[in-house]
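Since the structure comes first, as structure tokens, the remarks are kept for the end.
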Amino acid sequence: MSDIDPKDEERHRAKMAKRKAVQDAEVAGKTIEKGLLIVNTGPGKGKTTAAFGLALRMLGYGKRVGVVQFIKGKWHTGEKEAFAAFGDRVVWHAMGEGFTWETQDLKRDIAAAEAAWAKALELMADPSISLVVLDELNIALRYDYLDLDSVVAALKGRREGLHVVITGRNAKPALVEAADLVTEMGLTKHHFAAGVKAQQGIEF
């Protein structure tokens, strides 16, 4: 590394000291602790992956996690196998029937979504669970498989301290409004467009 001019070093130290003071003041001003409603949406890849990252973080602190998959359910996934290693600290329900263009059966899709939502309500009511991941709930809401107002009301009325993460494209505006944190995954470039198929460890 080349030598650093002492004046540059001092300017950097003063700049970082000011920045630290601002950061410390901002952190000190945040005093609310609450269960969060988190929505990962948008056309980009990574919505479910991010949700499971939070689940892993929660497990790292000895907490319990619940997962309900609304669309996925017919195929084997690496994440399900990985979380199985945590035993009963992860409650996992893959209750989807596949994407609507695969089932081509509206009644079946609605019935599957309703059963998955009933399981979601059960997990949200369980005081031993700190985080509930509702994977692809946005898809079920997009196709009107569930009543949006009822879902949003239940999420708003969830027990104190419970964190809920919802994934899927096209989050409904009412859900976005109710959420505490919304992340829009942007699509800049995707390997599917170049003809690369879904691969083990990346897509499933």
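The values are calculated or read from the model by the stated rules, or taken from the named source; none is laboratory data. Everything quoted here is computed from the prediction, not taken from an experiment. Virtual Cβ from ideal backbone geometry, glycine too; neighbours counted across all protein chains shown. Heavy atoms of the whole protein, side chains included, go into the accessibility calculation; ligands, DNA and RNA do not. Shrake-Rupley method; radii C 1.70, N 1.55, O 1.52, S 1.80 Å.
In table form, for the structure just shown:
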{"item": "For Q200: the one exception among (1) touching a residue at least 60 places away in the same chain (Cβ under 8 Å); (2) polar (S, T, N, Q); (3) more than 30 Å from Y61 (Cα to Cα)", "result": "(3)"}
{"item": "Any hit, the range 12-35, residues being on the phi > 0 side of the Ramachandran plot and not in a loop (DSSP other than H, G, I, E, B)", "result": "no"}
{"item": "Cβ pairs under 6 Å, 6+ apart, first in the range 161-184 and closer than 7 Å to N40 by Cα, second small (G, A, S) and open to solvent by less than 20 Å² (accessible area, probe 1.4 Å)", "result": "T167/A51; E184/G42"}
{"item": "Close pairs (7 angstrom Cβ cut-off, 6 or more residues apart or separate chains): open to solvent by 30 Å² or more (accessible area, probe 1.4 Å) in the range 132-155, modelled with pLDDT of 95 or more anywhere", "result": "R142/N170; L148/L141; L148/K172; L148/A174; A154/L121"}
{"item": "Residues that are part of a helix (DSSP H, G or I) and surrounded by 19 or more Cβ atoms within 10 Å (Cβ to Cβ), drawn from the range 80-91", "result": "F83"}
{"item": "Qualifying positions in the range 41-57 - among the hydrophobic types (A, V, I, L, M, F, W, C) and either modelled with pLDDT under 95 or more than 9 Å from the chain's Cα centre (by Cα) (or both)", "result": "L56"}
{"item": "Flag if L106 is touching a strand residue (DSSP E or B) at 6+ places or on another chain (Cβ under 6 Å) and of a type outside the set (D, E)", "result": "no"}
{"item": "Checklist (1) in contact with a helix residue (DSSP H, G or I) (Cβ under 9 Å, 6 or more places away or on another chain); (2) open to solvent by less than 90 Å² (accessible area, probe 1.4 Å); (3) under 25 Å from E136 (Cα atoms) applied to L56, failing item", "result": "(2)"}
{"item": "Selection status of F192, modelled with pLDDT under 95, open to solvent by 50 Å² or more (accessible area, probe 1.4 Å) and either among the small types (G, A, S) or over 24 Å from R64 (Cα atoms) (or both)", "result": "yes"}
{"item": "Exclusive hit being surrounded by fewer than 18 Cβ atoms within 10 Å (Cβ to Cβ) and not polar (S, T, N, Q), set G42, G96, G66, G35", "result": "G35"}
